[in-house]
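A short write-up of the structure that comes next.
The values are calculated or read from the model by the stated rules, or taken from the named source; none is laboratory data. As the structure is a prediction and not an experimental result, all values here were calculated from the model. FYI the Cβ positions are ideal-geometry reconstructions off the backbone, even for glycines, and counts take in every protein chain you see.
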Amino acid sequence: MKRRIVLACFSLLLPAALFGQSVFLDPGIPDNESLVYTATRDKETYRLTQRTRKGSVDGRPVYEVSIESPRENSTVTLAAGTMGVLRSWARRIHPDLVTETETKILKNEIRDKPGEATLVDFNGLTAILRGFPFGVVSSIKLKTGQESGFALTLAQTRETDIKTAAGVIRCCELELGMEGFFGAFMPKTRFWYEKASPHRLVRYEGNTGGPGSPRYIIELAGSGAN
């Protein structure tokens, strides 16, 4: 029998102002964008759909991004100007475990240094990184919201053409890795984003956990309006 763990809604201090300065930029995602991916987790392959709708919070523009797949259902609200998380919810289904998490930003006092950004959580990360300042900076230091959090480096490594079911797409490759001594032992995560705006995610390669955990790969299969 599956176990079910529910993590209640909690508050975090958001690193940058909800609608203030940010190292990330508005990628200009169109309203009602729908992207379809082929996802492979270990030996399992399934369809993943990501939909984005435009909205507003306190009169400011936001993106409402949702993901649907047999393994995950999630929503995240991002401030369009900064790609900062305002709230998120995720339900993930594993063979013997179902988890549900929710994050809502209630207070914001932390300010990032230039070239740095702090993640509230990793839900919606692939959508947030569409706001990477491609061609402007080569790398960004990412920190977690907790005081005991670790630091990551997100670097743009190269441009390359990726052949997918949706065609051949010119992409910018991003590599995410942990800083410090332990970073040498942790697997890298790689993202390929379309070079042209709105910087659709074209391919993702990473692990489901630490060293030795199953690989997780998603690749763009198609797109269209909802």
Exercise. Taking only pairs six or more apart or across chains, which ones have beta-carbon atoms under 6 Å, a first residue in the range 50-64 that is exposed (fewer than 14 other Cβ atoms within 10 Å of the Cβ), and a second residue that is assigned to a strand (DSSP E or B) and not polar (S, T, N, Q)?
Worked result: GLY55/VAL62; GLY55/GLU64
For this session: Looking only at the range 90-118, count how many residues are among the hydrophobic types (A, V, I, L, M, F, W, C), surrounded by 17 or more Cβ atoms within 10 Å (Cβ to Cβ) and in contact (Cβ under 8 Å) with a residue 40 or more places away in the chain.
Result: 2
For this session: Answer yes or no as to whether VAL62 is closer than 26 Å to GLU44 by Cα, assigned to a strand (DSSP E or B) and hydrophobic (A, V, I, L, M, F, W, C).
Result: no
Problem set entry | Matching residues, the range 26-49, being surrounded by 14 or more Cβ atoms within 10 Å (Cβ to Cβ) and at pLDDT below 95 | ARG41
Seminar exercise, completed: Of the candidates GLY124, GLY81, GLY115, the one satisfying the condition of being touching a Lys or Arg at 6+ places or on another chain (Cβ under 9 Å) and at positive phi is GLY115
Exercise. Inside the range 79-134, can you point out the residues that are among the acidic types (Asp, Glu), in a strand (DSSP E or B) and within 21 Å of ASP58 (Cα to Cα)?
Worked result: GLU102
